[in-house]
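Enquirer: Have a look at this one.
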Amino acid sequence: MFGFSKEVDFKHQIFLYLDQQNGYTTTEEVAKHLRVLTNQTTLKYLKEIKESLASLYSEEQLSLNIGKRFGIQLVRKEANYQRFFEKMYSKEVVYVIYRRLMLERDFEAEAFCEQNDISLSTLRRLINRMNQELKPYQVFIRVGKDVSMVGDEARIRLLFFTVFYHIHRKISEVPWMDGAGFLEMSQQICDTYYDESKEERLEVLALWLFVNLHSESLGKRITREMFDASYSILYTNDQCSPETWRYIFLVIYGLDFFDFAPILTYEALQQNKYSEMAKDWLSLFEKHVRTVTKEEKEQFFIQVYQYSLIESVIDAPEVFDSVFHLANPLMFQSYNYYSLVFERLWELFIKQQGYVENCVNKERVKSWTFQLMLTQELVPNLHCAWRTNLPSSAIMGLEKVLQWELMQVANLHFVADCEQADLILSTEPTTQGIAIAEVPSEQDFTRLKKAIDDWLRTQQMIFS
């Protein structure tokens, strides 16, 4: 991402994967998640992560256990892991290039190579790799006698913010940014808009303010009018024009950090580029899932409007999804049924409405739709019957265990008649059915989850 080395990207992904696990995992499972690494390379990266964490945190705060008997487990007790990312990224020359471009916008290539002990050919190779990653952002790093950033100023600023947010999250953690003054300004803005934001969001706004106001101090100006939105600018100072303040507020609102909302007129919500698409999608959802409330519908249109705001700056707003968690697949990765329902709805949507142009990114719509789903709609109703010689009291206890453990997979209902059941469970080795022990093991749960997935794929969920 952003042209950093593959090693850094892989370590970032490995760490986040481990942080999402509730218990132990294996090198093989980590490698399988990443898809492109061998077990040996994965283990090498795991050991390097362990060593780095040990140098930054106490064992009580954050540590990585790598054992032959139990496997791999990341232990984190309310510790902020951003220090680990900062150390990992800031070691790279790519980070230094971004920092110099942010602070100066251009610098002498030969002097930079001497300062960082690299050859000019290495610098060109690094910048070529960065440019490949920057294509969706529609900016370009030029390297000749000098190194400079080329592109629309609004896009350049948003790129810098995205890069340094991805690495640091907080302006106070960036030693080369004068964070104190921007944090104070951030608090003043929130007070003006009656926004009681937590410290983390104040830090984010301060980082965004630094990117913009420092760029203004270098004589860089936003030269195009991007937004038609009506906006009451309650806070300004002479460091930026009113048009630039509008850009500052609308971008941070479009990224869903703050409620510095413009006047949400009918035209803004119902007549933007994606309004018709949103109306058609909600109509399909209401036809096949349920009727949404007025508040839910309004929130959906606001999210679509925010998407259109960011697209006014960069043509492919989905490039921000992973950094800012605007479309987070991890949010619904445990809900296979929801993913299946969404895919069927999406197929029908594309087929019936013919949307190719003027269509919001699919993963973003999936995240928004997930928020509309009620808890009971996220998993299927599944009827199970037993073949067992266990007493009824033992079976009742076993049913409660299964219902609890599989609550994110299916709503399990138990029936007496096997002919009325979707799945047959068995506690007896000599009878047909999905084998479940009286005290279920992880292997039993895994076997049953697979059976449910297989059953789901056979269901005729063909909407018409």
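Enquirer: Compute the angle between helix 275-288 and the longest alpha-carbon principal axis of the chain, please, reported from 0 to 90 degrees and rounded to the nearest 10.
Expert: 10 degrees
Enquirer: Sticking with this one: Could you give the size of the charge dipole of the range 165-230 about its Cα centre, using +1 on the Cβ of each K and R and -1 on the Cβ of each D and E, expressed in debye and rounded to the nearest 20? All intermediate terms of the calculation are to be shown ahead of the outcome.
Expert: Details: 7 positive and 12 negative charges, 67 e Å.
Using Cβ point charges on Lys, Arg, Asp and Glu, the range 165-230 gives about 320 debye.
Enquirer: A follow-up question, please. In percent, what relative contact order does the chain have, based on Cα pairs under 8 Å that are 6 or more apart in sequence? Can you show the working numbers first?
Expert: Working: 519 pairs, mean separation 41.2, N = 464.
Contact order relative to length: 9 percent.
Enquirer: Please sort by residue number the chymotrypsin sites (Phe, Trp or Tyr not before Pro) in the range 1-96 whose DSSP state is loop and whose Cβ has at most 15 other Cβ atoms within 10 Å.
Expert: In loop regions of the range 1-96 (DSSP not H, G, I, E or B), the sparsely surrounded chymotrypsin sites (Phe, Trp or Tyr not before Pro) are 24, 70.
Enquirer: Report, in debye and to the nearest 20, how large the dipole of the range 6-88 comes out about its Cα centre when Lys and Arg carry +1 and Asp and Glu carry -1 on their Cβ. Show your work: numbers first, answer last.
Expert: Numbers: 13 positive and 11 negative charges, 45 e Å.
Rounded to the nearest 20 debye, it is 220 debye.
Enquirer: Return the loop-located trypsin sites (Lys or Arg not before Pro) in the range 108-197 (DSSP other than H, G, I, E, B) with at most 15 other Cβ atoms within 10 Å of their own Cβ; answer none if there are none. It would help to have the intermediate numbers written out before the result.
Expert: On the way: sites: 124, 125, 129, 142, 145, 155, 157, 169, 170; in loops: 145, 169, 170.
Passing both the DSSP loop test and the Cβ count: 145.
Enquirer: Spelling out what I want: for every residue of the range 87-98, take phi, set θ = phi - 60°, compute 6.51 cos²θ - 1.76 cosθ + 1.60 (Karplus), and round to whole Hz; glycine and proline get x.
Expert: 5, 5, 6, 5, 6, 7, 4, 4, 4, 5, 4, 4
Enquirer: At R0 = 25 Å, how high is the FRET efficiency between residue 438 and residue 383 if r is their beta carbon distance? Nearest 0.05 is fine. Don't skip to the end; give the middle numbers.
Expert: Values: r = 22 Å, r/R0 = 0.86.
The formula returns an efficiency of 0.70 here.
Enquirer: For the range 266-376, calculate the relative contact order in percent as a whole number, restricting contacts to Cα pairs under 8 Å that are 6 or more residues apart. All intermediate terms of the calculation are to be shown ahead of the outcome.
Expert: Values: 70 pairs, mean separation 38.1, N = 111.
That works out to 34 percent.
Enquirer: Quick query: amide H of residue 426 versus all other amide H atoms, modeled in the peptide plane; which residues come in under 5 Å with a sequence gap of 5 or more or a different chain?
Expert: Placed amide hydrogens put 387, 434, 435, 436 under 5 Å from residue 426.
Enquirer: For the chain, what proportion of DSSP beta bridges, expressed in % and rounded to the nearest 5, is antiparallel? Mind dumping the intermediate values first?
Expert: Values: 15 of 25 bridges.
Around 60 percent antiparallel, to the nearest 5.
Enquirer: Say a site is exposed when it is one of the GluC sites (Glu not before Pro), sits in a DSSP loop, and has at most 15 other Cβ atoms within 10 Å; what is then the longest site-free stretch of the chain? Walk me through the numbers on the way to the answer.
Expert: Values: sites that count: 59, 60, 78, 196, 225, 357, 438.
The longest uninterrupted stretch comes out as 226-356.
Enquirer: Just how large is the dipole of the range 170-315 about the Cα centre, in debye to the nearest 20, putting +1 at every Lys and Arg Cβ and -1 at every Asp and Glu Cβ? Kindly include the intermediate steps, with their values, before the conclusion.
Expert: Numbers: 13 positive and 25 negative charges, 81 e Å.
Approximately 380 debye in magnitude.
Enquirer: Mind sorting 130, 396 by how few other Cβ atoms lie within 10 Å of their own Cβ, fewest first?
Expert: On the way: 130 19, 396 11.
Ranked by crowding around the Cβ, least crowded first: 396, 130.
Enquirer: For the range 425-436, just list the computed ³J(HN,Hα) in residue order, Karplus coefficients 6.51, -1.76 and 1.60, θ = phi - 60°, integers in Hz, with x standing in for Gly and Pro.
Expert: 10, 9, 9, 10, x, 9, 10, 6, x, 6, 5, 10
Enquirer: Still on this model: Counting other Cβ atoms within 10 Å, which trypsin sites (Lys or Arg not before Pro) in the range 1-87 have at most 10 and lie in a DSSP loop?
Expert: Numbers: sites: 6, 11, 32, 35, 44, 47, 50, 68, 69, 76, 77, 83, 87; in loops: 35, 68, 69, 77.
For trypsin sites (Lys or Arg not before Pro) across the range 1-87 that sit outside H, G, I, E and B with at most 10 neighbouring Cβ atoms in 10 Å, the list reads 35, 68, 69.
Enquirer: Around residue 159, under 12 Å between beta carbons, what's the net of Lys plus Arg minus Asp minus Glu among the other residues?
Expert: Working: positive: 135, 155, 157; negative: 133, 152, 153.
Net local charge, residue 159 excluded: 0.
Enquirer: For the range 343-353, what does the Karplus curve 6.51 cos²θ - 1.76 cosθ + 1.60, with θ = phi - 60°, yield as ³J(HN,Hα) per residue in whole Hz, taken in order and with x for Gly and Pro?
Expert: 4, 5, 5, 5, 4, 5, 4, 5, 5, 6, 8
Enquirer: Sorting 208, 368 on the 10 Å Cβ count, fewest up front, what's the list?
Expert: Values: 208 26, 368 19.
By the 10 Å Cβ count, ascending, the order reads 368, 208.
Enquirer: Report the local net charge at residue 241: Lys and Arg +1, Asp and Glu -1, summed over other residues whose C-beta lies under 10 Å from its C-beta.
Expert: Working: positive: 221, 246; negative: 216, 238, 243.
Value of the local net charge: -1.
Enquirer: Past 28 Å, Cα to Cα: identify those pairs from 170/297; 135/297; 170/220; 11/170, in the order given.
Expert: Details: 170/297 33 Å; 135/297 34 Å; 170/220 24 Å; 11/170 21 Å.
From the list (170/297; 135/297; 170/220; 11/170), the Cα-Cα distance tops 28 Å for 170/297; 135/297.
Enquirer: Which whole-number percent is the relative contact order of the range 312-431 (Cα, under 8 Å, 6+ apart)?
Expert: Details: 114 pairs, mean separation 33.6, N = 120.
Once divided by the residue count of the range 312-431, the mean separation gives 28 percent.
Values in this text are rule-based calculations from the coordinates and carry no lab data. Predicted model, so just to flag it, every value in this text is computed and none were measured. Please note: Cβ atoms are built from the backbone with ideal geometry, for glycine as well, and neighbour counts cover all protein chains shown.
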